[in-house]
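Asks: Here it is, the structure in full.
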Amino acid sequence: MKMKKLIFVLAMMLSVATGYAQTEGTALKFGYLSYDAAIKAVPDYEEMQNNLATLRAQYEAEMKRVEDDFNKKYEEFLDGQAHFPKTILQKRQSELQEMLDKNTAFKRQGQALLNDAEASLRQKLQAALDAAITTVGQEGGYAFILNTDQHAAPFINPLMGEDVTQAVINALQNNN
């Protein structure tokens with residue numbers, strides 16, 4: 001459904017722009033690029049990816065540590081449960097449940113923090129990329145620039161459109 005809307009909007013833009021270009025006596029000019037390829041060319045992209053990977057590894061190591069602690073306590077509980085008085089058995093069960101709850105909460109919180117960090121970094125990358133696309137679009141006199149990722153535009157006539165991926169990458173590198 002989303003793809004149908006995108007195609008409809010693009011077709012409408014193209015028909016309006018074509019009509020405008022014909023009345024002005026100029027040829028319609030549009031660009032296209034791979035947004036994913038261009039975003040990877042943002043100067044800070046690799047550093048941001050490395051920072052995210054480091055943060056993710058730290059959270060995974062801590063999750064592994066608390067999981068190992070829980071497993072050790074659980075094994076001790078299983079080994080001694082037959083010999084514990086009822087009150088000690090209940091206390092240990094309660095401790096295990098509390099550890100499990102804290103571990104689950106930590107995993108959720110860690111995942112949420114990682115998602116937030118990734119979204120924040122991605123937003124910065126997208127802002128830089130969008131600025132470069134705008135610059136290339138204005139300087140090149142393009143009516144619009146299409147993102148060709150996810151098979152959004154299965155065919156683009158190279159005689160009517162221009163691949164601006166490299167121009168956007170150059171603009172990104174010149175702005176740094």
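Bear in mind that the values in this text are calculations on the coordinates, not laboratory data. Computed from a predicted model, the values in this text were never measured in an experiment. Cβ placement follows ideal geometry from the backbone for every residue including glycine, while neighbour counts extend to all protein chains displayed.
Asks: Determine which residues of region 93-108 fall in the zone a paramagnetic label at HIS83 would reach in this model, i.e. backbone nitrogen under 18 Å from the point 7 Å along Cα→Cβ.
Replies: Only 93 pass the distance filter.
Asks: Sort 142-149, 100-107 by the packing proxy (mean of other Cβ within 10 Å over each peptide's residues), most packed first. Don't skip to the end; give the middle numbers.
Replies: Numbers: 142-149: 17.6, 100-107: 12.5.
By packing density, highest mean first, the sequence is 142-149, 100-107.
Asks: Further question: What area, in nm² and to one decimal, does the C-alpha convex hull of region 2-174 cast on average over all directions? It would help to have the intermediate numbers written out before the result.
Replies: Numbers: hull surface 58.4 nm².
With the hull built on Cα positions only, its mean projection is 14.6 nm².
Asks: I'd like to compare 72-84, 41-53, 159-171: which one has the highest average count of other Cβ atoms within 10 Å, and what's the full order after that? Each step should come with its number before you reach the end.
Replies: Numbers: 72-84: 11.3, 41-53: 14.2, 159-171: 17.5.
Put in order of decreasing packing, that is 159-171, 41-53, 72-84.
Asks: With respect to the cross-link table entries LYS72/LYS102; LYS64/LYS107; LYS64/LYS102; LYS73/LYS102; LYS64/LYS124, which display a Cα-Cα separation exceeding 20 Å? Could the numbers behind the result be given before it?
Replies: Values: LYS72/LYS102 16 Å; LYS64/LYS107 10 Å; LYS64/LYS102 14 Å; LYS73/LYS102 14 Å; LYS64/LYS124 31 Å.
Cα-Cα > 20 Å for LYS64/LYS124; rest within.
Asks: Shifting gears a bit: What's the magnitude of the charge dipole for region 94-154 around its Cα centre, counting Lys and Arg as +1 and Asp and Glu as -1 at the beta-carbon? Answer in Debye, nearest 20.
Replies: Details: 5 positive and 8 negative charges, 4 e Å.
So the magnitude is around 20 debye.
Asks: Expected output is a single nm value to one decimal: the length gained when fully extending between PHE144 and LYS91, i.e. 0.36 nm times separation in residues minus the C-alpha distance. What is it?
Replies: Length gained, PHE144 through LYS91: 12.4 nm.
Asks: Whole Å is fine, so just give me how far the alpha carbon centre of region 53-90 lies from that of region 145-176.
Replies: Computed from Cα coordinates, the inter-centre distance equals 52 Å.
Asks: Among LEU78, LEU172, ASN51, whose Cα sits farthest toward the positive end of the charge dipole of region 2-174 (+1 at Cβ of Lys/Arg, -1 at Cβ of Asp/Glu, about the Cα centre)?
Replies: Looking along the dipole axis, the top candidate is LEU78.
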